[in-house]
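Rule-based calculations on the coordinates, nothing more; no lab input. Please read all numbers here as calculations on a predicted model, not as lab measurements. Ideal geometry is used to build each Cβ from the backbone, glycine not excepted, and the neighbour counts take in all protein chains shown.
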Amino acid sequence: MASPKASAFEYAPAPESRSVVDIAPSYGLFIDGEFTEAADGRVFKSISPSTEEVLSEVAQAGEADVDRAVRAARKAFEKWSALPGSERAKYLFRIARIVQERSRELAVLETLDNGKPIKETRDADLPLVAAHFFYYAGWADKLDHAGFGPSPKPLGVAGQVIPWNFPLLMLAWKIAPALATGNTVVLKPAETTPLSALFFADICRQAGLPRGVVNVLPGYGDTGAAVVAHPDVNKVAFTGSTAVGKEIARTVAGTRKKLTLELGGKGANIVFDDAPVDQAVEGIVTGIFFNQGQVCCAGSRLLVQESIHDELLDSLKRRLSTLRLGDPLDKNTDIGAINSAEQLARITALAEQGEAEGAERWSPACELPSSGYWFAPTLFTNVTQAHTIARDEIFGPVLSVLTFRTPEEAVAKANNTQYGLSAGIWTEKGSRILAVANKLRAGVVWSNTFNKFDPTSPFGGYKESGFGREGGRHGLEAYLDVR
Amino acid sequence: MSDKTEKTERLSVFKTYKLYVGGKFPRSESGRVYEVTDSKGKWLANAPQSSRKDARDAVVAARKAFGGWAGATAYLRGQILYRVAEMLEGRRDQFVREVADAEGLSKSKAALQVDAAIDRWVWYAGWTDKIAQVVGGGNPVAGPFFNLSTPEPTGVVAVLAPQESSFLGLVSVIAPVIATGNTAVVIASEQSPLPALSLGEVLATSDLPGGVVNVLSGRTAEIAAPLAAHQDVNAIDLTGADEVLAKELEIAAADNLKRVVRPQAVDYFGPPGIERLTAFLETKTVWHPTGSLGASGSSY
């Protein structure tokens, strides 16, 4: 994104070395402690979204494989759940440590497979993955004190289906609490980002985790559906779109399967007129351009108080002009690739609809690489609440800007959505933060910050953003037989 | 008139049982009633047979009441719930009679049910200002941030009251819903709705704001269907549904991802635990940087 004025920001390329990761030409399913081909021999390719280069060929699990994995998990459950918590804890501590040891390798792998900047995988994804395992490891032998009654029991086999936006982090959010509480796992990673889960399978082997405790089944939506529908699965955990979440809720209806869902969002980032503009601008950028906006809790609706609209937008545009889009492995890159052609098409279509419905589109001067899937940081002004881009989750680097005059109006607009995952508040006035936070129907409210995550802090949505919480003491409940 | 009036037994005044919606006592808008009998088949009363429209009206009332009730202090909610127990105690004999009729119990057995139900109100009244401390709290974030996780009511909860336990069971499913600040649309036991309809009269005189609890009688399946599919209902307790109906309703409830409590065997005399309190709570985590007192004065 070189512009003449920005010459002071020219950087020489600073790519992270790829040689730290060794990607095999093909990977199997991980069932009962072994890598194995799919029963029907099907495979699919995982590509790097920044170059469209094929990274590896991966076995695609079908129903027979799901059944085999669930059996393995069921068999392993007996011993795993009977282990003293202190022993389970030590396995999880081992995993946390190995993740730390291999974090550079995994960061590069994740960046290759997902397309997100190395800056993010290195500084956010991987440290959080390790921290998550470390946190839940400590819970394994303290469950009696977690507030769910004496000796709370695990549920059994957990079927877990995770998305492509934070592949390894979502794996950690699912697997760490499941294992700590004594469940065993059948995990289906997303079809566009299966590799880090398969590397994680190798970490389980290094850690000496008993066979069958963790099973990894790469595949598409039908594989996930088979995991969810398998009659011997006791617990279903899903992170992904609201539409699929509803389908899953219908599938488990009438069963005894316990369900937690972490779904879409349309987070409002509310900026009041007394907010420090520079900090707010940084928070807005983090809110919507972190991970190319492919974040369920993204601050995709900017609600700015009318009196500072022009000033804030000028600053924001100036800041966006300094974002560096390009090679995700470059340590200076701010904006990486969109995860897939399909996602790029969806973002493109919604942005076009924004224009067609009359909102005003703006992007900084920005050169997109010739191969791979790219979308320039984009903002829309003159957006009304009726616009599709103010209602639908875009899951891309697209910000819709709306205005308000009073705190009441801000709250009403922020809550005017089917979703309820995240929100942001920017103001110097403490009582206003508390009053507004109180009224927002969202599971996570960031005041004077945005997109902060921590393993000790429960995360999850209100309304159609799903139910159940991940992280913290609250995150244990999803994997315990407490109601 | 003659002086030789024979001594006749006084003719009692029957009560017209009505719905309790938005703090008022309407009949079903459909004009329908159905016969309620005791366990031996003797006629007790005609109860309103609620329609889909009654269900929708009840949701509107519950939604309208939600902001005020959820926003009331936990202390006030506790005071009001305790007041409910006080009013119940005053009407104890009436409920004993109604429960005995409804469930075919002796007076003394029915009295045990009613006493347990009153005590349960008291128990939940005390929870209103404690649950946040038990299930919420600060989290030790690895960074310069303070955050706090707080439980909040999920919103409007549809409650299919248990079919068998017409009063103790009823109380055991309503009280936890409203103790935490939710509002409720309750479908009374289909065969034995009278204790539930009388409970409405108690709630109306206990300072409970209108609309916080709405009580409908009628055919459970008919009323539950529109509630399970309603886009402005946030959660549904399927306790009073049989297996087939429960599955049907859970599928309908998925459409706006209602929080669902599935039917399960419960001994309502046993200690309730806090599961019914937490079932209809959301957790909100609010973050703020802690800042530093360094020279810059700010660490956003």
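Between the beta carbons of residue A:86 and residue B:46, assuming R0 = 60 Å, the FRET efficiency works out to 0.40 to the nearest 0.05. Under 5 Å from the amide H of residue B:236 lie the amide H atoms of B:158, B:259, B:260, B:261, each residue being 5 or more positions distant or on a separate chain, with H modelled from the backbone and absent for Pro and chain starts.
Between residue A:37 and residue A:105, the FRET efficiency from the beta-carbon distance, with R0 = 22 Å, is close to 0.30. The HN-Hα couplings worked out from phi for the stretch A:434-449 by the Karplus form 6.51 cos²θ - 1.76 cosθ + 1.60 (θ = phi - 60°) are 5, 5, 6, 4, 4, 8, 6, 8, 8, x, 10, 10, 9, 9, 6, 6 Hz, whole numbers, x standing for Gly and Pro.
Shielding by partners for peptide B:270-277, expressed as the average number of C-beta atoms from other protein chains within 10 Å of each residue's C-beta, is 2.
Over 22 Å between Cα atoms: which of A:266/A:452; A:142/A:246; A:119/A:452; A:452/B:258 fall into that group? Result: A:142/A:246; A:452/B:258 exceed 22 Å. For residue B:109, a cut-off of 27 angstrom between C-alpha atoms picks up these lysines, skipping any fewer than 8 places away in its own chain: B:15, B:18, B:40, B:42.
The charge dipole of the protein assembly as shown, taken about the Cα centre with unit charges on the Cβ atoms of Lys, Arg (+1) and Asp, Glu (-1), comes to about 1720 debye, rounded to the nearest 20. With K and R counted +1 and D and E -1, the other residues having a Cβ less than 12 Å from that of residue B:16 yield a net charge of +2. Quick check on the stretch B:105-259: take the gyration tensor over C-alpha atoms, sort the square-rooted eigenvalues as a ≥ b ≥ c, and tell me if it's rounded (a/c under 1.5), prolate or oblate. Cα axes put the stretch B:105-259 in the oblate bin. Along the axis of the charge dipole computed for the protein assembly as shown (Cβ charges of +1 for Lys and Arg, -1 for Asp and Glu, origin at the Cα centre), the listed residues B:159, A:382, A:328 are led at the positive end by B:159. Based on DSSP H segments of at least four residues, each scored -39500 (n - 2.57), the protein assembly as shown has a per-residue ellipticity at 222 nm of -12000 deg cm²/dmol. Kirkwood radius for the stretch B:163-235, taken over all pairs of different Cα atoms as the inverse mean of 1/r, rounds to 12.7 Å. How would you classify the stretch A:268-447 from its alpha-carbon gyration tensor, with a ≥ b ≥ c the square roots of the eigenvalues: rounded for a/c under 1.5, else prolate if a/b is greater than b/c, otherwise oblate? Prolate, since a/c reaches 1.5 and a/b exceeds b/c. Amide H contacts for residue A:269 (H built 1.01 Å from N in the peptide plane; partners 5 or more residues away or on another chain; cut-off under 5 Å): A:301, A:302, A:303, A:424.
Axis angle, to the nearest 10 degrees, between helix B:220-229 and the longest C-alpha principal axis of chain B: 20 degrees. Counting neighbouring Cβ atoms within 10 Å and putting the fewest first, the residues B:216, A:350 line up as A:350, B:216. If the chain linking residue B:129 and residue B:35 were pulled fully straight, counting 0.36 nm for each residue of separation and taking away their Cα-Cα distance, it would gain 29.7 nm. Here the dipole of the stretch B:44-289 is about 440 debye; that uses its Cα centre as origin and unit charges on the Cβ of Lys and Arg (positive) and Asp and Glu (negative). Karplus-based coupling profile of the stretch B:76-83, in residue order and whole Hz: 5, 4, x, 4, 5, 5, 5, 4, with θ = phi - 60° in 6.51 cos²θ - 1.76 cosθ + 1.60 and x standing for Gly or Pro.
Among the chymotrypsin sites (Phe, Trp or Tyr not before Pro) in the stretch B:1-74, those located in a DSSP loop and surrounded by at most 11 other Cβ atoms within 10 Å of their own Cβ are B:14. In this Cβ point-charge picture (+1 for Lys and Arg, -1 for Asp and Glu), the stretch A:268-447 has a dipole of about 440 debye about its Cα centre.
Averaging 1/r over every pair of different alpha carbons in chain A and inverting the result gives a Kirkwood radius of 22.8 Å.
Compared with the dominant principal axis of the Cα atoms in chain A, helix A:277-289 is inclined by about 50°. When the stretch B:44-289 is described by a simple charge dipole with +1 on each Lys and Arg Cβ and -1 on each Asp and Glu Cβ, the residue from B:139, B:189, B:55 located farthest towards its positive end is B:139.
For the stretch B:257-267, the Karplus equation 6.51 cos²θ - 1.76 cosθ + 1.60, evaluated at θ = phi - 60°, returns couplings of 6, 5, 6, 10, 10, 7, x, 8, 5, 10, 9 Hz by residue, with Gly and Pro reported as x. Among the trypsin sites (Lys or Arg not before Pro) within the stretch A:351-421, those in coil by DSSP and having at most 11 neighbouring Cβ atoms inside 10 Å are A:405.
Throw me the Rg/Rh for the stretch A:283-349, computed over C-alpha atoms with Kirkwood Rh, two decimals.
Here the Rg-to-Rh quotient is 1.01.
Over 25 Å between C-alpha atoms is what I'm after, so list which of A:90/A:174; A:258/A:413; A:429/A:463 land there. Among A:90/A:174; A:258/A:413; A:429/A:463, the Cα-Cα distance tops 25 Å for A:258/A:413; A:429/A:463.
Along the axis of the charge dipole computed for the protein assembly as shown (Cβ charges of +1 for Lys and Arg, -1 for Asp and Glu, origin at the Cα centre), the listed residues A:25, B:277, B:95 are led at the positive end by B:95. Set the Förster radius R0 to 41 Å, insert the Cβ-Cβ distance between residue B:93 and residue B:27 as r into 1/(1 + (r/R0)^6), and round the FRET efficiency to 0.05. According to the calculation, E is roughly 0.95.
Compared with the direct C-alpha span, the chain from residue A:368 to residue A:331 gains 11.6 nm at full extension, assuming 0.36 nm per residue.
Backbone N atoms of the stretch B:94-120 closer than 18 Å to the 7 Å Cα→Cβ label point of residue B:86 belong to residues B:118-120. Diffusion of chain B by Stokes-Einstein, at 37 °C in a medium of 0.692 mPa s and with Rh set to the Kirkwood radius over alpha-carbon pairs, works out to 161 µm²/s. The modelled label-to-label distance for the pair residue A:391/residue B:142, using points 7 Å beyond Cα in the direction of Cβ, is 4.2 nm.
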